[in-house]
Amino acid sequence: MGKNVLDTDIYCITAEEYSKGRDNIQVVKDMIEAGIKIIQYREKEKKMLYKYNECVELRKMTKDAGVTFIIDDDIDLALAVKADGVHIGQEDMPIERVREIVGNDVIIGLSTHSPEQALDAVKRGADYIGVGPIFPTKTKKDVCDAVGLEYLDFVVKNIDIPFVAIGGIKEGNIKEVKKHGAKCMALVTEIVGADDIKGKINKLRAILKE
């Protein structure tokens, strides 16, 4: 991929259980209206048919708005709905096999938690990496311990592919993450759990501009 696949400030991720009773369609609509340019669909517990039907609609919404649509973990689902990309973890299928399956036009993001994993991801052809969890987070059930800002510092200095900082990033600490060199940051509950999603995104962007 020639272009920076993360050429934006805020990377949004769905999490319906934290969305205060709103479904993902409504949440993503609000994200798009707030000018978000990359959205990842992450729903671990739902049945496949439900996820497929939801993602067909989300793919249409994101495509119409020119928003990059990434699906977490599920390669079949990403291909079935023609998503722009898939995001995998360290314990998912090897990235080389994922690339063989999805082809060269689909973005592959890989979660990393250490300098070794980051360097390995670059070598093995990830289009971007997730860097974290920067702070403790409870959004994911099987998450590793927070890696802190030191790992982010390493990536900023040593890794030349796009990356997104993730994990426990909130309104109160997003400025600190930016100060350490992150240009793109993923927030989950801070956005999907906000009473006013568009208002929250606007506020976060104002903080990042300070």
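Mind telling me which of the residues GLY89, GLY85 ends up being of a type in the set (Gly, Ala, Ser), within 25 Å of GLY125 (Cβ to Cβ), touching a residue at least 12 places away in the same chain (Cβ under 8 Å) and surrounded by 20 or more Cβ atoms within 10 Å (Cβ to Cβ)? Quick ask: steps written out before the conclusion?
Numbers: GLY89 fails: surrounded by 20 or more Cβ atoms within 10 Å (Cβ to Cβ).
None of the others qualify; the one that does is GLY85.
Can you name the residue in the range 125-143 that is at pLDDT 75 or above and over 24 Å from ASP105 (Cβ atoms) and, of all such residues, is most open to solvent (accessible area, probe 1.4 Å)?
Pass one, the range 125-143, residues at pLDDT 75 or above: 125-137.
Next cut, over 24 Å from ASP105 (Cβ atoms) only: 131-137.
Values: VAL131: 0, GLY132: 3, PRO133: 7, ILE134: 5, PHE135: 39, PRO136: 111, THR137: 36 Å².
Per the stated criteria, the residue is PRO136.
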How about the range 175-201: which of its residues are part of a helix (DSSP H, G or I) and closer than 19 Å to GLN40 by Cα? THR189, GLU190, ILE191, VAL192, ILE197, LYS198, LYS200, ILE201
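Given the criterion more than 17 Å from the chain's Cα centre (by Cα), open to solvent by 50 Å² or more (accessible area, probe 1.4 Å) and at pLDDT 95 or above, identify the matching residue among LYS175, LYS170, LYS183.
Working: LYS170 fails: more than 17 Å from the chain's Cα centre (by Cα); LYS183 fails: more than 17 Å from the chain's Cα centre (by Cα).
Exactly one of LYS175, LYS170, LYS183 is more than 17 Å from the chain's Cα centre (by Cα), open to solvent by 50 Å² or more (accessible area, probe 1.4 Å) and at pLDDT 95 or above, namely LYS175.
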Would you check which residues across the range 44-76 are surrounded by fewer than 16 Cβ atoms within 10 Å (Cβ to Cβ) and of a type in the set (Gly, Ala, Ser) and list them? GLY66
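I need the full set of residues from the range 23-36 which are without any contact (Cβ under 8 Å) to a residue 40 or more places away in the chain and either over 15 Å from ARG59 (Cβ atoms) or in contact with a Lys or Arg (Cβ under 8 Å, 6 or more places away or on another chain) (or both), in order please. Before you say what the answer is, go through the steps one by one.
Step one: of the range 23-36, the residues without any contact (Cβ under 8 Å) to a residue 40 or more places away in the chain are 23-26, 28-29, 32.
Once the filter is applied, which keeps residues that are without any contact (Cβ under 8 Å) to a residue 40 or more places away in the chain and either over 15 Å from ARG59 (Cβ atoms) or in contact with a Lys or Arg (Cβ under 8 Å, 6 or more places away or on another chain) (or both), the range 23-36 yields ASP23, GLN26.
The values are calculated or read from the model by the stated rules, or taken from the named source; none is laboratory data. Just so we're clear, the structure is a prediction, and the values are computed from it rather than from any experiment. Note that we place each Cβ from the backbone using ideal geometry, even for glycine, and neighbour counts take in every protein chain shown. For accessibility, only protein heavy atoms count, side chains too; no ligands or nucleic acids. Shrake-Rupley method; radii C 1.70, N 1.55, O 1.52, S 1.80 Å.
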